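Nothing in this text is a laboratory measurement; each read-out follows from the coordinates by a stated rule. Everything quoted here is computed from the prediction, not taken from an experiment. All Cβ positions, even for glycine, are placed from backbone atoms using ideal geometry, and neighbour counts span all protein chains on display.
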Amino acid sequence: MESLTIVNIAELVVVPQGPVPGRSMGQFQRIADAAVIIELTRENPSVSPLGKGGGRIAEGGRGRIAWFGRRRDCPSRSGPTLDAGGGCVLPGLVDCHTHTVFAGTRENEFVRRIEGKTYEQIAREGGGIRVTVDAVRAASVEGLVELALPRLQRMLEHGVTTVEIKSGYGLSVEHELKMLEAIRRLQGLQPIELVPTYLGAHTTPGEFDDRPDAYLDSILADDVLGRIRDERLAEFCDVFCETTAFTVEQSRRVLTSCARYGLGSKIHADQLNQIGASRLAGEIGAVSADHLEKIDDAGIAALKAGGCIPVLLPGCAFFLGVPQAPARKLLEANLPVALATDFNPGSSMIESLPLVLSIACTQMRMTPTEAVVAATTNAAAALRRADRIGAMAVGMQADLIVLDVPTLDRWLYEPGRNCVRTVIKEGKLAVQRKVGSRI
Ligand code: NIG
Ligand code: FE
């Protein structure tokens, strides 16, 4: 059995296996002068979420964490050694809410908001999601793949080793399936593990204006959901539950229909208005409720009762210039908060999850330690993968990143500079950046 030993680690971040509840997210072990041993094995092959043809992951479970601890206690193993150069080592980041597959850009809306319009006003005036829908409908699968591939490469370079990607800019059966097909192809072309989510219910397209229920009939038809299940085109479904999109009752219908076909439930909840979306999430036991800028006490109680992961997207409120979700209140309620970029061309044109973590620190008053738990094991829990990725534990998949700074605090204290030196995906070197001697 081959192994790889990482040495010269100034701080090893021992993220426990989550979901970690809010009040415990600020405490975990950090080992100074540490080492990690990765074993490269073909035992325990992990199951590809994308099934046959899904690519790389189906080839066999590759690297697992076999040992970690103080360097002086490190058992010697044959095989190569990687020098972490006195940097900090932690689990690869998990971006559990993105819209990375899209075409076109919307910088005109960015400028209109600066001039005084709101996101909702722009959507009502014909801008917003529908603009991206026109661009996506005009694109081929190959075109969508070509646009998304460099985005994923940059995300990887920022330390992200797992990314959830939603459809939702096709808004017809044909174009939604095209988006899901693009995600499937992207899985075979680059090392990040992709988790596909069906967001057919993002908004009602122009041709169904004022007939949202008829639109839902089309995208929730048995043959469509059956195909998504049989071809494993998506693992989750999502719905935008909002005054400008779908009501609570329509959202319930979307999620329960998709659940019958095995798709886990996610909800864009309480983003712009409080209409009861997080209460619905709790009631149906959604895996996650995302956004939550406008969550109320009843919503918080519902998420707790339903065992839902709150996924906060501080890059979005930062980008739109609106108040952030009440992160401290959710942490105090002991909910296992997760963080993600919500990378999309309308409300969060931000690929960098580390930047989003720094925003969570300064704008939501999450500590760097809490932010890292939120973007590793808790984000993995929001994708039902906390037993395999996101934690520093023996047996976990070896998705690790090496920073060119000695501590987490130093990392998030420098927003906007990429401090990631090395990315290891399933035990294999995926990124090795040349960086200056910053440490
Ligand atoms: O998560 N809220 C809905 N969907 C996206 C925005 C999509 C868009 O504006 O293109 C979001 O913020
Ligand atoms: Fe989103």
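Here Gly262 meets the list (1) over 24 Å from the mean Cα position of the chain (by Cα); (2) surrounded by fewer than 17 Cβ atoms within 10 Å (Cβ to Cβ) almost entirely, failing just condition (1). The residue that is surrounded by the most Cβ atoms within 10 Å (Cβ to Cβ), among those in the stretch 197-242 that are within 16 Å of ligand 2 (Cβ to nearest atom) and assigned to a loop (DSSP other than H, G, I, E, B), is Ala234.
Could you list all residues from the stretch 338-379 that are outside any helix (DSSP H, G or I), without any contact (Cβ under 8 Å) to a residue 60 or more places away in the chain and not aliphatic (A, V, I, L, M)? The answer is Ser348, Arg365. Can you name the residue in the stretch 130-141 that is of a type outside the set (D, E, K, R) and in a helix (DSSP H, G or I) and is also surrounded by the most Cβ atoms within 10 Å (Cβ to Cβ) among such residues? In this case the residue turns out to be Val136. The listed residues are Leu156, Leu144, and the only one of them that is closer than 28 Å to Ala398 by Cα, away from ligand 2 (no atom under 16 Å from the Cβ) and part of a helix (DSSP H, G or I) turns out to be Leu156. Exactly one residue out of Ile300, Ile350 is within 16 Å of ligand 2 (Cβ to nearest atom) and hydrophobic (A, V, I, L, M, F, W, C), and it is Ile350. What are the residue pairs meeting all of these: first residue in the stretch 261-277, first residue in contact (Cβ under 8 Å) with a residue 60 or more places away in the chain, second residue away from ligand 1 (no atom under 12 Å from the Cβ) and not aliphatic (A, V, I, L, M), Cβ atoms under 6 Å, and 6 or more apart or on different chains? Between residues of the stretch 261-277 that are in contact (Cβ under 8 Å) with a residue 60 or more places away in the chain and residues that are away from ligand 1 (no atom under 12 Å from the Cβ) and not aliphatic (A, V, I, L, M), the close pairs are Leu263/Phe236; Leu263/Cys237; Gly264/Phe236; Lys266/Phe236; Lys266/Ser288.
Matching residues to (1) touching a strand residue (DSSP E or B) at 6+ places or on another chain (Cβ under 9 Å); (2) small (Gly, Ala, Ser):
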site: Arg151; (1), (2): no, no
site: Gly159; (1), (2): yes, yes
site: Ile165; (1), (2): yes, no
site: Tyr169; (1), (2): yes, no
site: Glu176; (1), (2): yes, no
site: Ile183; (1), (2): yes, no
site: Leu186; (1), (2): yes, no
site: Leu189; (1), (2): no, no
site: Gly200; (1), (2): yes, yes
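When Glu283, Glu249, Glu293 are screened for being within 20 Å of His97 (Cβ to Cβ), of a type outside the set (Val, Ile, Thr) and free of Cβ contacts under 8 Å to residues at least 40 places away in the same chain, only Glu293 passes. Only one of the listed residues (Ile219, Ile165) is of a type in the set (A, V, I, L, M, F, W, C) and within 17 Å of the chain's Cα centre (by Cα). That residue is Ile165.
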